[in-house]
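Visitor: Handing you a structure now.
Rule-based calculations on the coordinates, nothing more; no lab input. Being a predicted model, the structure only gives us computed values, none of them experimental. Here the Cβ positions follow ideal geometry from the backbone for every residue, glycine too, while neighbour counts run over all protein chains shown.
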Amino acid sequence: MAHKTSMAGLGLGLVAALALSGCSGEASDGSVTLQMVESLTNPARTEVLEGLIHEFEEENPGITVELVSPPTDQADQKIQQMLQAGEGIDVVEVRDITVGPFSTNGWLADMSGELEDWDGWTNLTENATKYATNADGATYYVPYGFYGLSLFYRTDLIEAAGFDAPPASWDELLEQASAIQDPSKNQFGYAFRGGTNANSNVVVAIEAYVADQLDPDNAFKLADGDTIFSAPEAADALETYFELFEKASPPSSVAWGYPEMVEGFSNGSTAFLLQDPEVIATVEQSDALTADQWTTAPLLTGPTGKAIQPMATAGWGTAESSEHKAEAAKLIAFLSEGDASTTFTEKNSLVPILKDAADSDFYTTGAWASYVTMNENPDTYITAVQPRDSSWWTEWIQKSDAEVQQVLIGQMTQQELLDSWDAYWTDKWKND
Amino acid sequence: MINTETNPARVIRVLVLAAWLVITVFPLYWITVTSLKEPGAIFSYPLTYWPEVFSLENYVGLFEKAQFGTYIGNSLLIATAAASVATLIAMLSAYVLARFEFRSKGALMMAFLVTQMIPAFIALGPLYLLMTQLKLVDNKFGLILIYIAICIPFCTVMLRGFFANVPDALEEAAMIDGCSRIGALFRVIVPVMKPGIVAAFIFNFVNCWNELFLSVTLMNRDQNKTIPTALNGFITSYNIDWGSMSAAAVLTIVPTMVLFAFASRYIVQGLTAGAVKG
Amino acid sequence: MTRTTIDLERPSSGTGAPGERPSDRAGAPRGSLGGSGRRRVFTTRKGVAILGFLAPAILFVSVFIYYPMISGSQMAFRNWNLTNLTDTSWVGLKNFEAIFANPVFYTVLGNTLLWVLGSIVPQLVIGFAIALWLRRRFRFRGVYQALIFFPWAISGFLIGILFRWMFNSEFGVVNDLLAKAGLIDSPIPWLAEPGTAMTAVIIANIWYGVTFFAIMILAALQSVPDELFEAAALDGAGKVRTLFQITIPYIRTTLALTILLRVIWIFNFPDIIWAMTGGGPANQTHIVTTWMINTTQRGDYGQASAIGLIVVAILLVFSAFYLMAIREKRDA
């Protein structure tokens, strides 16, 4: 009894103490606190950000920045909740797939006013400038870097299998990956993406095969306005692609998403990986691979010798509900110029947004060399824009991922998949 | 106690019990072994069931890289506070529901039962907005309040059963002696029901300690996070950091395991009507 | 939980055990309550006291559970999609129509049924067996008890992660052990194929849930008086008959209610599946609640709330039938 009452008393006391402490607001000495929320969180990147933020705070004594790092899986949802509630968020990581919905809902502030006098605009690459301003001239975010696919591969494994160069086309990939595949040794050819965002690699393969007919402003469209899924070459692409799964991938890759793919490569069990450059930093830290065992090659081409590089990006924006828009813009400007930007893109191995960074040693050697090759051959490696800012993009991802898996487990044929995707996009464009 | 048991029956019993023990404990063994391997050795093939090299690297990394100490502290604080208050409140309601008859009693019990049917997700968004209005988002106190609310229904129902088995004679005697009802409750009945109350408290504590979705939704800043949120963080970022995650898992499981072990005696005792003998 | 917990008609005197009651309501001295246990409304002072005792619980539950739930429910009748909040107009039953028209919904329902039945039957049987056998004293019983009850203390999410690692096709322990035992000659891609994925998640759930039954039933069993067993033995009843004709009927109410509660909890339990397979492959391990989470992830809170309401409706109907069924059996 005394035991229980004192326990309860302790509980109440704690609760009361917290009630008092919990209501602490911000400092009331005139200084400004910005809350910055990231979305594509990972521990290494958070560390880099903290460092940059610290520098910013030193240059701007009246401003403190608190970095909030939710786990990636829920981050976008959490950001949505915070934006909707209109509290506790000033600077936010905006992705090319979230800028559409966020701005439609009026959650993002147009920073073109605050950034009008910023001298950093001149230093931005063409792509960066293009993405920083949307069709109506508003600036909802400033990109911090770009993603772009390249082929990660194991130099030792392809040598051992008798090949003297990495595959350049999808057919060659199939050949090499199947040769390397040896399940009895737990060695596999291709890190197949069957889980979340499975659709992305499938679409890249299709795009490579229909590259000649593609509309570069909308990589899901052919020049004549039909979807890329209606082209006969798309069926060829799927044939090769799904054969990769049958002959050259670990069976569990049916459920592999980003983390599993990267892990499959970096723990040494899989020889080929198609991924963004940020993986470079991760693999460099791998305990299972040494630096001379791997490097990257340019994106795989289709039968006509061309490949489509889909642009993807993310950046920093300001919440409409923020009460410190000027300071927020200052932080964003800081992060988008000079050393801060270069440090960020180098440490996270992203394609840089600054013109002078792209020519540095860092970006022209080693695993980055393939990106140089791709940049220097824009007619072979054509950059195109996918309609990632459509408001139905997340719905598309869920639908297409499920259907890819259905093909993988034999519940749907490849042609049915193409028909379904063709119908989906044709329908959406009609209603738009 | 009837002790007749044929030999075959005994063999089966021992075998099954032993098998179940192995099955139950094996995952824990496996994850502990994984956490003690060097990070690179986790993916060694063929699998090793005992670390070739023992390493605390994963654990050290937790506290250095991931502020795990803060998370443990938060979880401890929140779970203890919420469990205590919830048990207390549940006791009050359970007492009244056990002792008295009144018109809305059935409805009330039904209302408690229905709370178990509601999938938590449906309420997440509105809950976030509500907490924002109350200025309790990203605030340990806010999370505690919600956990209290969540623990109350089942705890009340559980305690009601225990109360029903304690004869009114006890408190009536006390009240005749001049105690108020609530005084009688705490001075006379509670000591008799101690095992049951401890069982209820532990049940609540474990639920709060392990709760994931709400704490991820409501807590933003790092200093407010609880352990499950941290665990979630390890798998969803760059890659699945099995080394850190297994270390974190072990650190999460061990305290609850110790608590449960210590209290399993209480739990069974508390749930047994036999705790109150005439 | 050993006595009637939710018994809507009997007086609050606990129940179930003929002859076992420490105090028989009808005969005990009454003191301030007066009369028999069915006495109803009192003086207002007492009424206020009762309300006072109940107030904190009612307050917490209404504010933090019912209010958000009701508030969230109205989204089910609106067009509420986070990708475009400029239009949240009332659409009546459109969300529900969309759900019922979606073939995936029926797959998901089937999965849920499989999930619940496939989990609860083994949990019950194994839990019961363990509880029965734990009644005897044996040398390390205390230690044993302490060890096997721990799965309950682990969060579902962590269990999902743990078993995901163990069922990993390339590096998982399960495949390794099976191979070593000579039962398979190539690794089974557990989480990659629909049949095995469902089996794997159910196994994880069984591992987790046996404990609850074991604890509850053990406690219930300990309340069965020895005299009953002695009488049965004297009558020449064998073990199995004793079990089915004496033990089970005695603890019937507790058993029934524990099962009901577990069914509801398992139905609503997304953690393990979410962490192990995320509902895949191809929606084959999605249960209604994980599917609901999936829906919220693409921002469609309108549909997600509708699914949530459907869940509550299903469980309410089930509980109603179930409770009616046990009550009839008792009265029969």
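Visitor: Modelled label-to-label distance, residue A:217 and residue A:57, 7 Å Cα→beta-carbon offset: nm?
Guide: In this crude spin-label approximation the distance works out to 4.6 nm.
Visitor: Just tell me which lysines come within less than 23 Å, Cα to Cα, of residue B:225; anything on the same chain fewer than 8 places away is out.
Guide: Leaving aside lysines fewer than 8 places away in the same chain, those within reach of residue B:225 are A:78, B:65, B:135, B:140.
Visitor: Where in chain B lies the longest segment free of trypsin sites (Lys or Arg not before Pro) that are both loop residues by DSSP (not H, G, I, E, B) and have at most 11 other Cβ atoms within 10 Å?
Guide: B:104-276
Visitor: Give the long-range amide H neighbours of residue A:383: residues separated by 5 or more places, or on another chain, with amide H under 5 Å away, using H modelled in the peptide plane at 1.01 Å from N.
Guide: So residue A:383 has HN proximity to A:309.
Visitor: Of B:126, B:116, B:193, which is farthest towards the positive pole of the range B:91-245's charge dipole, taken about the Cα centre with +1 and -1 on the beta-carbons of Lys, Arg and Asp, Glu respectively?
Guide: Going by the charge dipole, the pick is B:126.
Visitor: Provide the per-residue ³J(HN,Hα) series for the range C:141-150, in order, calculated from phi with Karplus coefficients 6.51, -1.76, 1.60 and θ = phi - 60°, each as a whole number of Hz, with x at glycine and proline positions.
Guide: Values per residue, Gly and Pro as x: 4, x, 4, 4, 4, 4, 6, 7, 7, 5 Hz.
Visitor: Still on this model: What are the residues whose amide H is under 5 Å from the amide H of residue A:297, where those residues sit 5 or more places off or on another chain and H is modelled from the backbone?
Guide: Amide H neighbours of residue A:297, under 5 Å, 5+ apart: A:151, A:152, A:153.
Visitor: Mind checking which aspartates and glutamates have their C-alpha under 19 Å from residue B:37, skipping anything on the same chain fewer than 8 residues away?
Guide: A:263, A:287, B:52, B:57, B:64, B:241, C:170, C:176
Visitor: On to the next question. Given H placed 1.01 Å from N in the peptide plane, which residues other than close sequence neighbours of residue A:34 have an amide H under 5 Å from its amide H?
Guide: For residue A:34, the qualifying residues are A:64, A:65, A:66.
Visitor: What FRET efficiency comes out for residue B:187 versus residue A:47 if R0 is 56 angstrom and r is the Cβ-Cβ distance? Round to the nearest 0.05.
Guide: Efficiency, from the Cβ-Cβ distance: 0.50.
Visitor: Please identify the chymotrypsin sites (Phe, Trp or Tyr not before Pro) of the range A:83-180 that satisfy two criteria: DSSP loop assignment and at most 13 other Cβ atoms within 10 Å. Which are they?
Guide: none
Visitor: Using only DSSP helix segments of four residues or longer, with each worth -39500 (n - 2.57), what per-residue ellipticity at 222 nm results for the protein assembly as shown after dividing by its residue count and rounding to 500?
Guide: -18000 deg cm²/dmol
Visitor: Using the Cα centre of the protein assembly as shown as the reference point, and only Cβ charges (+1 on K/R, -1 on D/E), how large is the resulting charge dipole? Debye, rounded to the nearest 20.
Guide: Around 9000 debye, computed over the protein assembly as shown.
Visitor: Continuing with the same structure: HN-Hα J couplings of the range B:8-13 from phi, Karplus 6.51/-1.76/1.60, θ = phi - 60°, integer Hz, Gly and Pro as x?
Guide: Rounded to whole hertz, the list is x, 4, 5, 4, 4, 4.
Visitor: Take every DSSP beta bridge whose two residues both sit in chain A, then give the antiparallel share in percent to the nearest 5.
Guide: Expressed as a percentage, antiparallel bridges in chain A total about 60.
Visitor: Ok, one more. What average number of partner chain Cβ atoms lie no more than 10 Å from the Cβ of the residues making up B:161-171?
Guide: So the per-residue partner count for this stretch is 6.
Visitor: Something else: Once you average over the residues of A:74-84, how many Cβ atoms of partner chains fall within 10 Å of each Cβ?
Guide: Mean partner-chain Cβ count within 10 Å for A:74-84: 5.
Visitor: Among B:47, B:107, B:146, whose Cα sits farthest toward the positive end of the charge dipole of chain B (+1 at Cβ of Lys/Arg, -1 at Cβ of Asp/Glu, about the Cα centre)?
Guide: Farthest along the dipole direction, towards plus: B:107.
Visitor: Can you return the lysines within cross-link range of residue B:105? Criterion is Cα-Cα under 27 Å, with same-chain partners fewer than 8 residues away left out.
Guide: Within the straight-line cut-off, residue B:105 pairs with A:4, B:194, C:46, C:329.
Visitor: Let's test the formula: R0 of 25 Å, r as the Cβ-Cβ distance of residue C:177 and residue B:11. What FRET efficiency results, to the nearest 0.05?
Guide: It comes out at approximately 0.55.
Visitor: Which whole number in µm²/s is D for chain C by Stokes-Einstein, with the Kirkwood Rh taken over Cα pairs at 37 °C and 0.692 mPa s?
Guide: For the chosen part, D equals 139 µm²/s.
Visitor: Find, among the chymotrypsin sites (Phe, Trp or Tyr not before Pro) in the range C:47-89, those assigned to loop by DSSP (not H, G, I, E, B) with at most 15 other beta-carbon atoms within 10 angstrom.
Guide: Taking the range C:47-89 and a limit of 15 other Cβ atoms within 10 Å, no loop chymotrypsin sites (Phe, Trp or Tyr not before Pro) are found.
Visitor: Also, quick follow-up: Starting from the Cα of residue A:171, step 7 Å toward the Cβ, then list every residue of the range A:149-165 with an amide N under 12 Å from that point.
Guide: none
Visitor: Same structure, new question: Could you give each residue of the range A:338-346 its phi-based ³J(HN,Hα) in whole Hz, using Karplus coefficients 6.51, -1.76, 1.60 with θ = phi - 60°, and x for Gly or Pro?
Guide: Per-residue couplings from phi come out as x, 4, 4, 5, 5, 4, 4, 5, 5 Hz.
Visitor: If you restrict to DSSP beta bridges whose two residues both lie in the protein assembly as shown, what percentage is antiparallel, to the nearest 5?
Guide: Within the protein assembly as shown, antiparallel bridges account for around 65 percent of the total.
Visitor: With chain B treated as a Gaussian network of Cα nodes joined by springs under 10 Å, which of B:32, B:156, B:229 yields the largest mean-square fluctuation?
Guide: Of B:32, B:156, B:229, the most mobile in the Gaussian network model is B:32.
Visitor: For chain A, with only Lys/Arg (+1) and Asp/Glu (-1) charged at the beta-carbon, what is the dipole magnitude about the Cα centre, in debye rounded to 20?
Guide: The dipole of chain A has a size of about 1200 debye.
Visitor: Under the definition of partner shielding as Cβ atoms of other protein chains within 10 Å of a residue Cβ, what is the mean value for peptide C:279-286?
Guide: 6
Visitor: How much FRET efficiency would the formula 1/(1 + (r/R0)^6) give for residue C:243 and residue C:51, where r is the Cβ-Cβ distance and R0 is 56 Å, rounded to 0.05?
Guide: Efficiency computed from Cβ-Cβ geometry: 0.80.
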